[in-house]
1. Just a yes or no: is a residue in region 147-154 modelled with pLDDT of 95 or more and more than 16 Å from residue 34 (Cβ to Cβ)?
2. For a quick check of your reading of the model, give me the residue pairs whose first member lies in region 146-159 and is at positive phi, whose second is within 11 Å of ligand 1 (Cβ to nearest atom), with beta-carbon atoms closer than 6 Å and at least 6 apart or on different chains.
3. Just to verify a result, which residue in region 192-214, among those that are away from ligand 2 (no atom under 14 Å from the Cβ) and touching a strand residue (DSSP E or B) at 6+ places or on another chain (Cβ under 6 Å), is farthest from residue 164 (Cα to Cα)?
4. Of the numbered conditions (1) within 16 Å of ligand 2 (Cβ to nearest atom); (2) within 19 Å of residue 45 (Cα to Cα), residue 121 satisfies every one except a single condition; which is it?
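The values are calculated or read from the model by the stated rules, or taken from the named source; none is laboratory data. Keep in mind the model is a prediction, meaning the values are calculated, not measured. Neighbour counts are summed over all protein chains in view; Cβ atoms, including those assigned to glycine, are modelled from backbone coordinates with ideal geometry.
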Ligand SMILES: O=C(O)CCC(=O)C(=O)O
Ligand SMILES: [Mn+2]
């Protein structure tokens, strides 16, 4: 019993058309802005990028303290970016590894659409359905007032959910497939939380990259 915000009935985003792919769909337009590009990278590109990222990333299993107890995060992560852009995520201070060619190429592709320059990226590897990320907003102070987050996904499709912080009936759910790109900006992080729920379905690994500006 919740209000599904006209997810698929939205018109394609036609503003600033020369810089926008015709497949852009606005998935959140109230209290923020979220734009979705379902097939941003071709299947061939996505297969190659998944492989490069899966094997070529310095994946780490970070732990966080919950009620004083060290708990491993249910996913592997890695942090890449411009030198000196340290960032605290889930209480973990991250020092970025320098950009690889693969990450710089992906960054350049999404920057054309986002019309900003990203200086860091958090990579997440969801090894199976047992991995996920709990409800949160990307609202760390280092990200500034209205964070712009460029989120690229490769591998298994997983469900990305939004819920409004004040109006609990307001929820949006979207499947993020291989090669998709989701852009969150404006007041999105003030008003909405998001998650990747764990699932009991058999799912193969998924890699997500959230490009950020510190
Ligand atoms: O895996 C995703 O799609 C989202 C990851 C995320 O929300 C984050 O890293 O902050
Ligand atoms: Mn997030």
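1. Scanning region 147-154, I find at least one residue that is modelled with pLDDT of 95 or more and more than 16 Å from residue 34 (Cβ to Cβ), so the answer is yes.
2. 155/206; 155/207
3. Filtering first and then ranking leaves 205.
4. Answer for residue 121: the failing condition is (2).
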